[in-house]
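Step one of this worksheet: look at the structure below.
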Amino acid sequence: MSKVLVIGAGGVGSVAVHKMAMNSDIFSHITLASRRKFKCDAIADSVKARTGVTIDTAEVDADDIDATAALIAKVQPALVVNLALPYQDLTIMEACLKTGVNYLDTANYEPRDEAKFEYSWQWAYHERFKEAGLMALLGSGFDPGVTSVFASHLKKHHLDRIDTLDILDCNGGDHGQHFATNFNPEINIREVTAPARHYENGQWVETPALSTKQVFDFDQVGEKNMYLMYHEELESLATHYPEIKRIRFWMTFGDQYLKHLEVLQNVGMTRIDPVIYEGKEIIPLQFLKAVLPEPASLGVTTKGKTNIGDIATGEKDGKPKTVYIYNVCDHEEAYAETGNQAVSYTTGVPAMIGAAMVLTGAWKGEGVFNMEQFDPDPFMDMLNKHGLPWQVVELDKPLDF
(Lines give C-alpha, C1' and ligand atoms only; values in the text may rest on other atoms or scores of the structure.)
Protein backbone atom coordinates (compact mmCIF):
# COMPACT_ATOMS: atom_id res chain seq x y z
CA MET A 1 0.00 0.00 0.00
CA SER A 2 1.41 3.37 -1.03
CA LYS A 3 0.74 7.09 -1.03
CA VAL A 4 0.45 8.79 -4.40
CA LEU A 5 0.35 12.45 -5.44
CA VAL A 6 -1.54 13.17 -8.67
CA ILE A 7 -0.96 16.58 -10.28
CA GLY A 8 -3.59 17.70 -12.79
CA ALA A 9 -7.37 17.97 -12.35
CA GLY A 10 -8.65 17.60 -15.90
CA GLY A 11 -10.61 14.65 -17.24
CA VAL A 12 -7.59 12.32 -17.19
CA GLY A 13 -6.75 13.25 -13.61
CA SER A 14 -10.36 12.66 -12.63
CA VAL A 15 -10.43 9.18 -14.19
CA ALA A 16 -7.07 8.25 -12.67
CA VAL A 17 -8.01 9.13 -9.09
CA HIS A 18 -11.42 7.47 -9.41
CA LYS A 19 -9.73 4.27 -10.54
CA MET A 20 -7.04 4.56 -7.87
CA ALA A 21 -9.75 4.87 -5.23
CA MET A 22 -11.28 1.67 -6.58
CA ASN A 23 -7.94 -0.06 -5.91
CA SER A 24 -7.27 0.92 -2.31
CA ASP A 25 -5.19 -2.23 -1.78
CA ILE A 26 -2.54 -0.54 -3.95
CA PHE A 27 -3.27 3.15 -3.42
CA SER A 28 -3.60 3.61 0.31
CA HIS A 29 -3.69 7.41 0.21
CA ILE A 30 -4.39 9.75 -2.73
CA THR A 31 -3.72 13.47 -2.95
CA LEU A 32 -4.93 15.41 -6.00
CA ALA A 33 -3.38 18.81 -6.71
CA SER A 34 -3.67 21.46 -9.41
CA ARG A 35 -3.41 25.20 -9.91
CA ARG A 36 -7.14 25.48 -9.18
CA LYS A 37 -8.01 23.63 -5.99
CA PHE A 38 -11.76 23.92 -6.53
CA LYS A 39 -11.45 21.54 -9.49
CA CYS A 40 -9.69 19.02 -7.24
CA ASP A 41 -12.39 19.43 -4.62
CA ALA A 42 -15.14 18.70 -7.16
CA ILE A 43 -13.35 15.52 -8.26
CA ALA A 44 -12.80 14.52 -4.63
CA ASP A 45 -16.56 14.88 -4.01
CA SER A 46 -17.28 12.62 -7.00
CA VAL A 47 -14.72 10.03 -5.82
CA LYS A 48 -16.32 10.02 -2.35
CA ALA A 49 -19.82 9.63 -3.77
CA ARG A 50 -18.86 6.87 -6.22
CA THR A 51 -16.37 4.85 -4.17
CA GLY A 52 -16.69 5.96 -0.54
CA VAL A 53 -12.98 6.84 -0.51
CA THR A 54 -11.79 10.22 0.78
CA ILE A 55 -8.90 11.82 -1.09
CA ASP A 56 -6.94 14.91 -0.11
CA THR A 57 -6.69 17.97 -2.35
CA ALA A 58 -4.10 20.72 -2.65
CA GLU A 59 -3.20 23.77 -4.72
CA VAL A 60 0.11 23.87 -6.58
CA ASP A 61 1.74 25.77 -9.43
CA ALA A 62 3.47 22.97 -11.30
CA ASP A 63 5.62 25.50 -13.16
CA ASP A 64 7.29 26.28 -9.83
CA ILE A 65 9.88 23.64 -8.89
CA ASP A 66 10.21 24.76 -5.28
CA ALA A 67 6.45 24.94 -4.70
CA THR A 68 5.97 21.51 -6.25
CA ALA A 69 8.83 20.07 -4.20
CA ALA A 70 7.34 21.58 -1.04
CA LEU A 71 4.02 19.85 -1.71
CA ILE A 72 5.76 16.55 -2.43
CA ALA A 73 7.70 16.87 0.83
CA LYS A 74 4.45 17.54 2.69
CA VAL A 75 2.53 14.62 1.15
CA GLN A 76 5.51 12.22 1.14
CA PRO A 77 4.20 10.02 -1.68
CA ALA A 78 5.97 7.00 -3.10
CA LEU A 79 5.10 8.24 -6.61
CA VAL A 80 4.14 11.51 -8.32
CA VAL A 81 1.71 11.01 -11.21
CA ASN A 82 1.99 13.98 -13.56
CA LEU A 83 -1.30 14.51 -15.39
CA ALA A 84 -0.75 18.25 -15.84
CA LEU A 85 0.35 19.94 -19.09
CA PRO A 86 3.32 18.56 -21.08
CA TYR A 87 5.04 21.94 -20.59
CA GLN A 88 5.37 21.07 -16.90
CA ASP A 89 7.07 17.66 -17.24
CA LEU A 90 10.58 18.94 -16.58
CA THR A 91 9.71 21.07 -13.57
CA ILE A 92 7.86 18.16 -11.96
CA MET A 93 10.76 15.82 -12.74
CA GLU A 94 13.11 18.32 -11.11
CA ALA A 95 10.86 18.46 -8.04
CA CYS A 96 10.88 14.65 -7.85
CA LEU A 97 14.67 14.58 -7.98
CA LYS A 98 14.81 17.28 -5.31
CA THR A 99 12.59 15.23 -2.98
CA GLY A 100 13.69 11.70 -3.90
CA VAL A 101 10.36 10.47 -5.30
CA ASN A 102 9.52 8.33 -8.36
CA TYR A 103 7.81 9.97 -11.36
CA LEU A 104 5.20 9.02 -13.99
CA ASP A 105 3.52 10.95 -16.82
CA THR A 106 1.32 10.35 -19.87
CA ALA A 107 2.79 12.71 -22.49
CA ASN A 108 6.28 13.84 -23.41
CA TYR A 109 7.64 17.29 -22.70
CA GLU A 110 7.23 20.05 -25.23
CA PRO A 111 8.27 23.71 -24.99
CA ARG A 112 5.51 26.30 -24.80
CA ASP A 113 6.83 28.36 -27.70
CA GLU A 114 7.21 25.56 -30.25
CA ALA A 115 5.06 22.54 -31.14
CA LYS A 116 8.02 20.18 -30.95
CA PHE A 117 7.41 16.64 -29.74
CA GLU A 118 10.45 14.57 -28.79
CA TYR A 119 11.83 12.65 -25.84
CA SER A 120 15.33 14.15 -25.85
CA TRP A 121 14.63 16.51 -22.95
CA GLN A 122 13.30 13.77 -20.69
CA TRP A 123 15.70 11.03 -21.78
CA ALA A 124 18.48 13.44 -20.76
CA TYR A 125 17.36 12.90 -17.14
CA HIS A 126 18.19 9.18 -17.21
CA GLU A 127 21.54 9.37 -15.42
CA ARG A 128 20.23 11.76 -12.76
CA PHE A 129 17.32 9.47 -11.91
CA LYS A 130 19.60 6.44 -12.01
CA GLU A 131 22.12 8.05 -9.66
CA ALA A 132 19.29 9.00 -7.30
CA GLY A 133 17.95 5.43 -7.33
CA LEU A 134 14.64 6.65 -8.71
CA MET A 135 12.37 5.54 -11.53
CA ALA A 136 10.67 7.77 -14.10
CA LEU A 137 8.05 6.08 -16.30
CA LEU A 138 7.14 8.10 -19.39
CA GLY A 139 3.97 8.01 -21.45
CA SER A 140 1.64 5.85 -19.38
CA GLY A 141 -1.54 6.80 -21.22
CA PHE A 142 -3.17 5.00 -24.12
CA ASP A 143 -1.20 6.47 -27.00
CA PRO A 144 1.52 6.72 -25.94
CA GLY A 145 1.29 3.98 -23.35
CA VAL A 146 -1.02 1.10 -24.10
CA THR A 147 -0.11 1.20 -27.79
CA SER A 148 3.55 0.65 -26.83
CA VAL A 149 2.62 -2.20 -24.45
CA PHE A 150 0.49 -3.68 -27.23
CA ALA A 151 3.60 -3.75 -29.45
CA SER A 152 5.58 -5.50 -26.70
CA HIS A 153 2.76 -8.01 -26.23
CA LEU A 154 2.70 -8.80 -29.96
CA LYS A 155 6.46 -9.27 -30.01
CA LYS A 156 6.41 -11.50 -26.92
CA HIS A 157 3.44 -13.69 -27.80
CA HIS A 158 2.58 -13.45 -31.51
CA LEU A 159 5.57 -12.45 -33.65
CA ASP A 160 9.22 -13.43 -33.65
CA ARG A 161 10.01 -10.18 -35.46
CA ILE A 162 8.01 -7.01 -36.14
CA ASP A 163 8.59 -5.51 -39.60
CA THR A 164 5.92 -2.78 -39.72
CA LEU A 165 3.72 -1.24 -37.05
CA ASP A 166 0.67 0.97 -37.59
CA ILE A 167 -1.07 2.60 -34.62
CA LEU A 168 -4.72 3.44 -35.33
CA ASP A 169 -6.62 5.84 -33.04
CA CYS A 170 -10.33 6.20 -33.75
CA ASN A 171 -12.77 8.26 -31.72
CA GLY A 172 -16.21 7.42 -33.05
CA GLY A 173 -17.94 9.51 -30.40
CA ASP A 174 -20.25 12.47 -30.95
CA HIS A 175 -20.36 15.19 -28.29
CA GLY A 176 -23.03 17.30 -30.01
CA GLN A 177 -20.89 20.45 -30.20
CA HIS A 178 -20.12 22.41 -33.37
CA PHE A 179 -16.42 22.31 -32.46
CA ALA A 180 -14.71 20.95 -29.38
CA THR A 181 -11.69 18.84 -28.51
CA ASN A 182 -11.82 15.70 -26.39
CA PHE A 183 -8.70 16.63 -24.44
CA ASN A 184 -6.89 19.90 -23.66
CA PRO A 185 -7.68 22.11 -26.71
CA GLU A 186 -4.27 23.77 -26.73
CA ILE A 187 -2.37 20.47 -26.75
CA ASN A 188 -4.81 18.86 -29.19
CA ILE A 189 -4.62 21.63 -31.79
CA ARG A 190 -0.82 21.97 -31.52
CA GLU A 191 -0.55 18.23 -32.14
CA VAL A 192 -2.98 18.08 -35.06
CA THR A 193 -1.57 21.10 -36.90
CA ALA A 194 2.09 20.03 -36.60
CA PRO A 195 3.74 18.42 -39.65
CA ALA A 196 3.18 14.67 -39.92
CA ARG A 197 6.17 12.36 -39.51
CA HIS A 198 6.60 8.62 -39.72
CA TYR A 199 9.60 6.33 -39.38
CA GLU A 200 10.74 4.34 -42.38
CA ASN A 201 13.97 2.46 -43.09
CA GLY A 202 15.96 4.20 -40.39
CA GLN A 203 14.88 7.77 -41.09
CA TRP A 204 12.03 10.17 -40.43
CA VAL A 205 9.77 11.09 -43.33
CA GLU A 206 7.94 14.42 -42.94
CA THR A 207 4.75 15.38 -44.79
CA PRO A 208 2.35 18.34 -44.39
CA ALA A 209 -0.19 18.09 -41.58
CA LEU A 210 -3.35 16.14 -42.48
CA SER A 211 -2.15 15.58 -46.06
CA THR A 212 -2.26 11.74 -46.01
CA LYS A 213 -5.70 10.17 -45.60
CA GLN A 214 -6.92 6.58 -45.58
CA VAL A 215 -10.28 4.95 -44.83
CA PHE A 216 -10.44 2.13 -42.29
CA ASP A 217 -13.37 0.06 -41.03
CA PHE A 218 -13.13 0.07 -37.22
CA ASP A 219 -14.84 -2.67 -35.20
CA GLN A 220 -18.01 -1.37 -33.46
CA VAL A 221 -17.47 2.11 -34.99
CA GLY A 222 -17.50 1.66 -38.76
CA GLU A 223 -15.63 3.29 -41.62
CA LYS A 224 -13.76 6.47 -40.71
CA ASN A 225 -11.29 8.78 -42.41
CA MET A 226 -7.94 8.62 -40.64
CA TYR A 227 -4.93 10.87 -41.16
CA LEU A 228 -1.21 10.29 -40.82
CA MET A 229 0.23 12.19 -37.84
CA TYR A 230 3.28 12.25 -35.63
CA HIS A 231 2.98 10.84 -32.12
CA GLU A 232 5.73 10.49 -29.55
CA GLU A 233 5.57 6.71 -29.19
CA LEU A 234 6.94 6.45 -32.72
CA GLU A 235 10.26 7.81 -31.45
CA SER A 236 10.51 5.52 -28.43
CA LEU A 237 9.39 2.42 -30.36
CA ALA A 238 11.91 3.14 -33.13
CA THR A 239 14.58 3.43 -30.44
CA HIS A 240 13.70 0.31 -28.46
CA TYR A 241 12.61 -1.87 -31.43
CA PRO A 242 15.22 -1.02 -34.08
CA GLU A 243 14.16 -4.10 -36.07
CA ILE A 244 10.95 -2.34 -37.16
CA LYS A 245 11.30 -0.99 -40.70
CA ARG A 246 8.26 1.31 -40.66
CA ILE A 247 6.15 2.83 -37.88
CA ARG A 248 3.14 5.06 -38.55
CA PHE A 249 0.43 6.71 -36.44
CA TRP A 250 -3.10 7.39 -37.72
CA MET A 251 -5.93 9.35 -36.09
CA THR A 252 -9.53 9.82 -37.23
CA PHE A 253 -11.13 13.24 -37.67
CA GLY A 254 -14.59 14.19 -38.84
CA ASP A 255 -15.12 16.61 -41.71
CA GLN A 256 -16.78 19.16 -39.41
CA TYR A 257 -13.80 19.21 -37.04
CA LEU A 258 -11.37 19.69 -39.92
CA LYS A 259 -13.48 22.45 -41.50
CA HIS A 260 -13.58 24.43 -38.26
CA LEU A 261 -9.86 23.84 -37.70
CA GLU A 262 -9.03 25.12 -41.20
CA VAL A 263 -10.99 28.33 -40.59
CA LEU A 264 -9.37 28.87 -37.20
CA GLN A 265 -5.93 28.39 -38.76
CA ASN A 266 -6.74 30.76 -41.61
CA VAL A 267 -7.74 33.58 -39.24
CA GLY A 268 -4.74 33.07 -36.96
CA MET A 269 -6.50 31.62 -33.91
CA THR A 270 -4.19 28.58 -33.72
CA ARG A 271 -1.02 30.69 -33.49
CA ILE A 272 1.24 30.00 -30.48
CA ASP A 273 3.30 33.18 -30.79
CA PRO A 274 2.18 36.26 -28.81
CA VAL A 275 0.12 39.09 -30.31
CA ILE A 276 -0.67 42.46 -28.75
CA TYR A 277 -4.33 42.99 -27.80
CA GLU A 278 -5.35 46.14 -25.94
CA GLY A 279 -1.78 46.69 -24.86
CA LYS A 280 -1.28 43.17 -23.53
CA GLU A 281 0.40 40.09 -24.96
CA ILE A 282 -1.90 37.14 -25.55
CA ILE A 283 -1.39 33.77 -27.26
CA PRO A 284 -4.26 33.27 -29.75
CA LEU A 285 -4.43 29.50 -29.16
CA GLN A 286 -4.62 30.01 -25.39
CA PHE A 287 -7.47 32.48 -25.88
CA LEU A 288 -9.23 29.98 -28.15
CA LYS A 289 -8.84 27.35 -25.44
CA ALA A 290 -10.60 29.66 -22.99
CA VAL A 291 -13.71 29.99 -25.18
CA LEU A 292 -14.00 26.35 -26.29
CA PRO A 293 -15.96 23.82 -24.22
CA GLU A 294 -14.01 22.31 -21.32
CA PRO A 295 -13.20 18.71 -22.38
CA ALA A 296 -14.20 17.42 -18.94
CA SER A 297 -17.70 18.85 -19.54
CA LEU A 298 -18.33 16.76 -22.66
CA GLY A 299 -18.90 13.45 -20.91
CA VAL A 300 -22.58 14.01 -20.22
CA THR A 301 -23.39 14.47 -23.94
CA THR A 302 -20.87 12.20 -25.67
CA LYS A 303 -22.14 8.99 -27.23
CA GLY A 304 -20.35 6.35 -29.28
CA LYS A 305 -17.11 4.42 -28.93
CA THR A 306 -13.37 4.66 -29.33
CA ASN A 307 -11.24 2.01 -31.00
CA ILE A 308 -7.45 2.22 -30.57
CA GLY A 309 -4.90 -0.42 -31.45
CA ASP A 310 -1.84 -1.68 -33.30
CA ILE A 311 -1.53 -3.57 -36.57
CA ALA A 312 1.84 -5.32 -36.86
CA THR A 313 3.33 -7.33 -39.69
CA GLY A 314 6.25 -9.67 -39.22
CA GLU A 315 7.25 -13.26 -39.00
CA LYS A 316 6.30 -16.19 -36.76
CA ASP A 317 8.01 -19.57 -37.05
CA GLY A 318 9.41 -18.54 -40.42
CA LYS A 319 6.05 -17.53 -41.89
CA PRO A 320 4.68 -14.01 -42.57
CA LYS A 321 1.94 -12.90 -40.18
CA THR A 322 -0.23 -9.80 -39.63
CA VAL A 323 -1.80 -9.26 -36.22
CA TYR A 324 -4.25 -6.60 -34.99
CA ILE A 325 -4.62 -5.85 -31.26
CA TYR A 326 -7.12 -3.24 -30.08
CA ASN A 327 -9.48 -1.97 -27.40
CA VAL A 328 -13.01 -0.62 -27.83
CA CYS A 329 -14.27 1.77 -25.14
CA ASP A 330 -17.82 3.09 -24.81
CA HIS A 331 -18.21 6.80 -23.98
CA GLU A 332 -21.43 6.34 -22.03
CA GLU A 333 -20.10 3.43 -19.99
CA ALA A 334 -16.97 5.42 -19.13
CA TYR A 335 -19.13 8.34 -18.03
CA ALA A 336 -21.37 6.14 -15.91
CA GLU A 337 -18.36 4.77 -14.03
CA THR A 338 -16.23 7.88 -13.55
CA GLY A 339 -18.15 10.91 -14.82
CA ASN A 340 -15.78 11.30 -17.79
CA GLN A 341 -15.94 10.44 -21.50
CA ALA A 342 -13.90 7.68 -23.10
CA VAL A 343 -10.98 9.81 -24.33
CA SER A 344 -10.20 10.76 -20.73
CA TYR A 345 -10.98 7.21 -19.57
CA THR A 346 -8.62 5.54 -22.03
CA THR A 347 -5.77 7.74 -20.77
CA GLY A 348 -6.64 7.85 -17.06
CA VAL A 349 -6.98 4.09 -16.62
CA PRO A 350 -3.50 3.35 -18.03
CA ALA A 351 -2.10 6.12 -15.83
CA MET A 352 -3.52 4.25 -12.83
CA ILE A 353 -2.19 0.91 -14.11
CA GLY A 354 1.28 2.33 -14.79
CA ALA A 355 1.31 3.74 -11.27
CA ALA A 356 0.31 0.33 -9.95
CA MET A 357 3.18 -1.28 -11.89
CA VAL A 358 5.65 1.05 -10.17
CA LEU A 359 4.15 0.89 -6.68
CA THR A 360 3.80 -2.89 -6.58
CA GLY A 361 7.26 -3.47 -8.04
CA ALA A 362 5.88 -5.32 -11.08
CA TRP A 363 8.04 -2.92 -13.09
CA LYS A 364 11.36 -1.91 -11.56
CA GLY A 365 14.23 0.24 -12.73
CA GLU A 366 16.49 3.15 -11.92
CA GLY A 367 16.50 5.87 -14.53
CA VAL A 368 14.05 7.08 -17.19
CA PHE A 369 12.01 4.46 -19.06
CA ASN A 370 9.34 4.07 -21.72
CA MET A 371 6.49 1.59 -21.46
CA GLU A 372 7.79 -0.92 -24.02
CA GLN A 373 10.94 -1.55 -21.98
CA PHE A 374 9.05 -3.70 -19.45
CA ASP A 375 7.24 -7.05 -19.41
CA PRO A 376 3.80 -6.34 -20.94
CA ASP A 377 1.96 -9.19 -19.21
CA PRO A 378 1.08 -7.65 -15.80
CA PHE A 379 -0.02 -4.41 -17.45
CA MET A 380 -2.12 -6.26 -20.03
CA ASP A 381 -3.77 -8.30 -17.28
CA MET A 382 -4.80 -5.12 -15.45
CA LEU A 383 -6.23 -3.61 -18.64
CA ASN A 384 -8.64 -6.54 -18.84
CA LYS A 385 -9.60 -6.23 -15.19
CA HIS A 386 -10.05 -2.47 -14.98
CA GLY A 387 -12.19 -1.40 -17.91
CA LEU A 388 -10.04 -1.58 -21.06
CA PRO A 389 -10.29 -5.18 -22.33
CA TRP A 390 -8.33 -5.94 -25.49
CA GLN A 391 -8.54 -8.51 -28.23
CA VAL A 392 -6.12 -9.91 -30.80
CA VAL A 393 -7.10 -11.00 -34.31
CA GLU A 394 -4.95 -12.34 -37.13
CA LEU A 395 -5.52 -10.55 -40.42
CA ASP A 396 -5.43 -12.26 -43.81
CA LYS A 397 -2.92 -9.77 -45.17
CA PRO A 398 -1.03 -6.58 -44.33
CA LEU A 399 -2.64 -3.16 -44.82
CA ASP A 400 -2.75 -2.25 -48.50
CA PHE A 401 -1.52 1.30 -47.93
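So what is the diffusion coefficient of the chain in µm² per second by Stokes-Einstein at 4 °C and 1.567 mPa s, using a Kirkwood Rh over Cα pairs?
Numbers: Rh = 21.4 Å.
Roughly 61 µm²/s, to the nearest whole number.
Students often check this: by mean Cβ neighbours within 10 Å, which of 348-360, 64-76 ranks highest, and how do the rest follow? List each step's numbers first, then the result.
On the way: 348-360: 26.2, 64-76: 17.2.
Descending packing order for the listed peptides: 348-360, 64-76.
Based on Cα positions only, what radius of gyration and what Dmax would you give for segment 56-169, in angstroms?
For segment 56-169, the Cα-based Rg and Dmax read 16.1, 49 Å.
Work out from phi, with θ = phi - 60° and the Karplus expression 6.51 cos²θ - 1.76 cosθ + 1.60, the ³J(HN,Hα) of each residue of segment 82-96, listed in order in whole Hz, and give x for Gly and Pro.
With the stated coefficients, segment 82-96 comes to 8, 10, 8, 7, x, 4, 9, 4, 5, 5, 6, 4, 4, 5, 5 Hz.
Mind ordering 338-344, 386-392, 233-239, 11-17 by average Cβ neighbours within 10 Å, highest first? Don't jump to the answer; show the numbers that get you there.
Values: 338-344: 27.9, 386-392: 16.7, 233-239: 22.1, 11-17: 31.0.
With the highest mean Cβ count within 10 Å placed first, the list reads 11-17, 338-344, 233-239, 386-392.
In straight Cα distance, which aspartates and glutamates are under 19 Å from Lys397, not counting same-chain residues fewer than 8 positions off?
Reachable aspartates and glutamates: Asp160, Asp163, Asp166, Asp217, Asp219, Glu223, Asp310, Glu315, Asp317.
Kindly state, to the nearest 0.05, the FRET efficiency for Asn384 paired with Trp204, given R0 = 35 Å and r defined as their beta-carbon distance.
Values: r = 35 Å, r/R0 = 0.99.
That gives a FRET efficiency of 0.50.
Quote the relative contact order of segment 286-401 in percent (integer), defining contacts as alpha-carbon pairs under 8 Å separated by 6+ residues. Don't skip to the end; give the middle numbers.
On the way: 134 pairs, mean separation 33.4, N = 116.
Rounded, it is 29 percent for segment 286-401.
Which percent of the accessible area of the chain is formed by carbon and sulfur heavy atoms (probe 1.4 angstrom)?
Values: 7920 of 16430 Å².
Carbon and sulfur together cover 48 percent of it.
For segment 140-250, state the semi-axes of the equivalent ellipsoid (square roots of 5 times the eigenvalues of the alpha-carbon gyration tensor), sorted largest first and rounded to whole angstrom.
On the way: eigenvalues 124, 58, 37 Å².
Semi-axes (√(5λ), whole Å): 25, 17, 14.
Using the basic label-point model (7 angstrom from Cα toward the beta carbon), what is the Asp174 to Gln256 distance in nanometres?
0.8
Ranking request for peptides 207-216, 369-378: highest mean number of other beta-carbon atoms within 10 Å first, then the rest in descending order. Can you show the working numbers first?
Details: 207-216: 14.2, 369-378: 20.1.
Per-residue mean Cβ counts within 10 Å order the peptides as 369-378, 207-216.
From the helices alone, meaning DSSP H stretches of at least four residues, give me the mean residue ellipticity at 222 nm for the chain, per-run term -39500 (n - 2.57), in deg cm²/dmol to the nearest 500.
Roughly -10500 deg cm²/dmol at 222 nm, from the helical runs in the chain.
Compute the distance from the alpha-carbon center of segment 242-320 to that of segment 105-126, in whole Å.
Spelled out, the Cα-based centre of one part sits 17 Å from the other.
Residues of the chain: accessible area per residue at 1.4 Å, in Å²?
Values: 16430 Å² over 401 residues.
On a per-residue basis, the chain sits at 41 Å².
Under the 0.36 nm per residue contour assumption, what length would be gained going from the current alpha-carbon distance of Ile282 and Lys364 to full extension? Numbers along the way, then the final one.
Details: separation 82, 0.36 × 82 = 29.52 nm, distance 4.36 nm.
Difference between extended and current length: 25.2 nm.
What are the ³J(HN,Hα) couplings of segment 201-216, residue after residue, when phi is run through the Karplus curve with 6.51, -1.76, 1.60 and θ = phi - 60°? Round to Hz, x for glycine and proline.
In residue order, the calculated couplings are 6, x, 9, 8, 10, 9, 9, x, 4, 6, 8, 10, 10, 9, 10, 9 Hz.
What does the charge add up to near Tyr199, with Lys and Arg as +1, Asp and Glu as -1, over the other residues with Cβ less than 10 Å from its Cβ? If you can, show how the numbers build up before the last one.
Values: positive: Arg197, Lys245, Arg246, Arg248; negative: Glu200, Glu235.
Summing Lys and Arg as +1 and Asp and Glu as -1 gives +2.
The values are calculated or read from the model by the stated rules, or taken from the named source; none is laboratory data. Nothing here was measured: the structure is a model prediction, and the numbers come from that model. Note: ideal-geometry Cβ built from the backbone for every residue, glycine included; neighbour counts use all protein chains shown. Accessible surface areas use protein heavy atoms only, side chains included; no ligands, DNA or RNA. Shrake-Rupley method; radii C 1.70, N 1.55, O 1.52, S 1.80 Å.
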